[in-house]
Structure formats: structure tokens, C-alpha cells
1. Express in whole angstrom the spacing between the alpha-carbon centres of region 106-182 and region 199-277.
2. Using only the Cα atoms of region 66-127, what are the Rg and Dmax in Å?
3. How big, in percent, is the set of alpha carbon pairs in region 91-149 lying more than 16 Å apart?
4. What nm value, rounded to one decimal, do you get for the distance between residue 87 and residue 256 when each label is placed 7 Å out toward the C-beta?
5. With r defined as the distance between the Cβ atoms of residue 233 and residue 279 and R0 fixed at 41 Å, what FRET efficiency is calculated, to the nearest 0.05?
6. Given region 68-210, what whole percent of its Cα pairs are spread farther than 26 Å?
7. Using only the Cα atoms, what convex hull volume per residue in Å³ does region 220-281 have?
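Values quoted throughout were computed directly from the atomic coordinates according to the rules given, and no laboratory measurement underlies them. Keep in mind it's a predicted model, so treat the numbers as computed, not measured. No Cβ is skipped: glycine too gets one built from the backbone with ideal geometry, and neighbour counts run over all protein chains shown.
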């Protein structure tokens, strides 16, 4: 009996030893340094006075009572979408609502064409108050879009960051002058970082052409709305873009059809327009030891054919591909955003410069190529091109991790240590299991 007790104590001690060994291994794993440090944090925060600003212009004219969107009136669909957008507003976004045709129900055009006012002023949003104001609207009067655009620009006020007007309407301006396209061009010419996005609730060619003209004048987007869910999604995307671009307003850059004459880009955010099935080139000087990080997004501001894709490539001066965006490179045909990373680790692997590099900072120019396989649906305007946003960044290249055996990284070393520890634990536990069975059989 005493021998059995001694054997049991021995088993317990060995089990404790194995447990301690396992805990030590876990501590080693949790405390092991990472293979490479990744950059953290986002773009620098803007000053408090430069918060993102969005002003919605909602058409409340008599035609908005038409019940042709999923059996509901155009206004009720717009009201529900605005409620959802207000509920999802980012805390820092200053938001307002302006209406047109909301108060004068008569036939006097001179009065009806002055009918636009701020329903909820641009500023920090009391969500209950904003939604209550929207709920009180009823389809009423005329459609003075040009006058409402000027009023919305005044609602937003001046600023150094991009501000957005979002026009939701089902009809043409029936009060010109001022012509809304001329007003949009007038606002764009002031250089006040103002973008107008338009959302059409009626599927009429004249309405579509006017709304496209307004959006194109300021680099905005046009969307032909068919469902309530589509309207809500697009509104939230636009508000989200305002939240992103207020931190860093994209600079205008015009890509070319060859690398040699392409604009030279420093790290930053850039906007451009690309025609259907076009290739646009930009250059970025990359020093040895630097890593290039680039991404591109193309906005589908009009109806496009199915099976579309956007591709971002980095090439050397001779056109040889260095790397391409992973999404488009995987064969997907629904890509509208993609990105890439490429490092010039040593002078020996740096890109040879075989083209003029006027304005270069002394690095080797990498050519960024943005191309698309987009095609317009029948009857859709092809000019101007689709809005794109290109982000360029340069960071210090992360060196390959070094290891003690044949240059293996620390990750391989850790893997070998854990594999050996696992084999040893397995052998010891197997031996203990067999020994315990033998002990119990003896007794």
C-alpha cells in the first residue's frame, strides 16, 4: 500500500511539472516579439472648427406624392431614408436639411419659385428634432432647385475642407433662372471645396441629364434611385465620404495615358475622373528602403453593365509590372476599390528610371496605373469620366526578420520550439498514462 501511495505522489509531481512546463510555454508565446511592427492610427484629426458638413436638399414639391417606389410615395420613401441616415450619423458630422417647395401650395410662380428654407440648420444634430421636422413634411409646391443650391451653400458656410450638398428630387427645376447647372458651375468656380451629389427619384431623361450636369460640375455623383433601400444606402455612403474627406481634402490630379508625362505625386489623397475602359498613369518617387502603399476607389455614379472591375498596378518605367491590387488580381469582376504594397528594399532592386522625371525628389519613379473594365448601360452618358479617389503613402520598408538558422525569421524559431515542446509533452503524457494503468492493475 505504501508503494502505491509513493507511486501516486510521483505521478502527481510529474503532472505538476508538465503543467508548469505548459504554462511557461504559453508565457513564452504571449511575450514573444512580433515579426514586424505595423503602423497604427489613422489620418490626423481635423481641427474642431473643421468638422465634416453635409446639407440635404429635399424636394417637397407636389410631384413627390407620386406612389411609384415599391407602392409608396416618393416623399415617404425619402423620409424613411433620412430617418435611417440621421440615426447613423457620426458624432462629429454637422448635418442640416433644406427643403424646396414645402410651404406654398398656390399657382403664383413668382411666389412658388422663392419657396426654399432651412428645415433643420447645419450643426450638431439633435436626432429627435431632426426626424420630427422631416416627419411634418407634406408634398406641396414648386421646384426651385437653383435657388435651393445657393441657399445650401450658404447653410454650409466657408471652410477649408470638403463640404457636401445632397439633392434628393424627382423633377427638373421649373423656376429657372437661375439654372441649377449654372449655379453648380458658379459654386465650383469659387473654389470652396463644395461637392454636390444628386439622387433622382423619377426615371426621366430630362431629369437625369439635369442632375448629372449638377453633379459633374462639382465632381459629385448622380444616382438613379429605384428602391428605398438603395436610397438609404447611397445617403449613408455620401455622409460617410464627408466624414472621411474632411480630414484630408483630395487634391486634383489629372492622369495621363503614358507614364512618361504622368503627374508626380507625393503622399496624399487625390481625385480624378476616368473614362470607361481607360488606363490612367501617375508617378510616385520611391527611395530604396521605402514601401509604397496605394489604393484606389471608383464611384459608380451612373448605371454600368454587369461584370465590372477596377485594377491598380505598379510598374517600372519600361512598363514591367511590379505588383497589382490583390482583389482585381484574383479574377473578381465586381471590384471598385483595390490597393497594393511594394517595397524598394535595396538600391539593387530599385526601379530603373528610364523616363523623364521632372520634379522628382531623387527617388526612382514607380508608375501607378488605374484601369477599369467598366461599360455604360444603354443611353448612359460616358462623359465626363467616373470619379476616382487615389491614396498614396510611403513608409519605411519593414526588413525581413532575421533568425539564427539559415536566416529563418523569429516566427520559424518559435514554431520549432513549440513543435518540440508539443512532442515532449505528448511522450510524457503517454508514458504517464501507461504507467498509471500498470499501477492500478497491480492493485
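1. 21
2. My reading of the Cα-based Rg and Dmax gives 14.7, 42 Å.
3. Numbers: 812 of 1711 pairs.
The calculated P(r) of region 91-149 puts 47 percent of pairs beyond 16 Å.
4. 5.2
5. Working: r = 30 Å, r/R0 = 0.73.
About 0.85, to the nearest 0.05.
6. Numbers: 2402 of 10153 pairs.
Taking all Cα-Cα pairs of region 68-210, the fraction more than 26 Å apart is 24 percent.
7. Working: hull volume 6.2 nm³, N = 62.
Dividing the Cα hull volume of region 220-281 by its residues yields 100 Å³.
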